[in-house]
Amino acid sequence: MDNQIDVMVADASHEMYVDIILETITAAAKIRGTGIAKRTHEYVAQKMKEGKAIIALDGEEFAGFCYIESWGNKQYVANSGLIVVEKYRGHGLAKRIKQAAFTLSRLRWPNAKLFGLTSGGPVMKINTELGYVPVPFVELTDDESFWKGCEGCCNHDVLERTGRKYCICTAMLYDPKKHEKKQAKKETDKEKETE
């Protein structure tokens, strides 16, 4: 099933899917009993128009979505709103969408640290495979606009009570500088093995 689904950078022509995307995200959060940062139709449509969203379509049918956003003067980039329609789950589509969002983020902001907040095990696994590591919230952006997005979450009180140190979500971070160092070390070690 998954191979016939197109995963692409969304654009203005995909605005017709915004309401179903928002409904799918809200329904999934209710089922899981977790929070989600609420976004408006206009907000998601703007992400599409700016080329900062990934959409998955099975022909004309909506299958999945994720958007990207820069924070802290483009020093941080978040991949947010990852959702896959229930009937398309279990076939690796979330991983394809997240990989596309990761690639787009790295192309647009190659020096930025990528981060996400999640309470879902499958998303944590995908993030780990991409090189993200769990971090304390203090290592994320201090951009107030980002944290304002958490206000619509049912767990916002936890975040506020702890002075933004803890929440139900796990903070995960990909730091390109750390990965460059790891890659350089691997190459050096490989060269030593062949000598």
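Just so you know, all these numbers are worked out from the coordinates, no wet-lab data involved. All values reported here derive from a predicted model rather than from experimental measurement. Glycine also receives a Cβ, built like all others from the backbone with ideal geometry; neighbour counts cover every protein chain displayed.
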Radius of gyration and maximum dimension Dmax of the chain, Cα, Å: 17.4, 59
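Calculate the dipole size of the chain relative to its Cα centre from +1 charges on Lys and Arg beta carbons and -1 charges on Asp and Glu beta carbons; express the result in debye to the nearest 20. Can you show the working numbers first?
Details: 29 positive and 28 negative charges, 126 e Å.
It comes to approximately 600 debye.
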What is the fewest-to-most order of 44, 133, 9, 123 by other Cβ atoms lying within 10 Å of their Cβ? 133, 9, 123, 44
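Suppose the chain between residue 165 and residue 89 were pulled fully straight at 0.36 nm per residue; how much longer would it get relative to their current alpha carbon spacing? Walk me through the numbers on the way to the answer.
Working: separation 76, 0.36 × 76 = 27.36 nm, distance 3.20 nm.
Length gained, residue 165 through residue 89: 24.2 nm.
Multiply the residue separation of residue 60 and residue 8 by 0.36 nm, subtract the distance between their alpha-carbon atoms, and state the gained length in nm to one decimal. Intermediate results must be reported in sequence, preceding the final value.
Numbers: separation 52, 0.36 × 52 = 18.72 nm, distance 1.30 nm.
Extra length available between residue 60 and residue 8 comes to 17.4 nm.
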When the chain is treated as a Gaussian network with springs between alpha carbons less than 10 Å apart, the largest mean-square fluctuation among 53, 100, 27 is found at 27
Scanning the chain for trypsin sites (Lys or Arg not before Pro) in DSSP loops with at most 16 other Cβ atoms within 10 Å, what's the longest stretch left with none? 90-163
Hypothetical label at residue 107: residues of region 44-79 whose amide nitrogen lies under 18 Å (7 Å Cα-Cβ projection): 47-57, 65-70, 77-79
So which aspartates and glutamates pass the test for residue 113, namely a Cα distance under 15 Å, with those fewer than 8 places away in the same chain ruled out? 69, 139, 142, 143, 175, 180
Mind scanning 87/177; 30/178; 30/177; 38/87 and naming the pairs with a C-alpha gap bigger than 31 Å? 87/177; 30/178; 30/177
Local charge sum around residue 112 (other residues, Cβ-Cβ under 14 Å, Lys/Arg +1, Asp/Glu -1)? +2
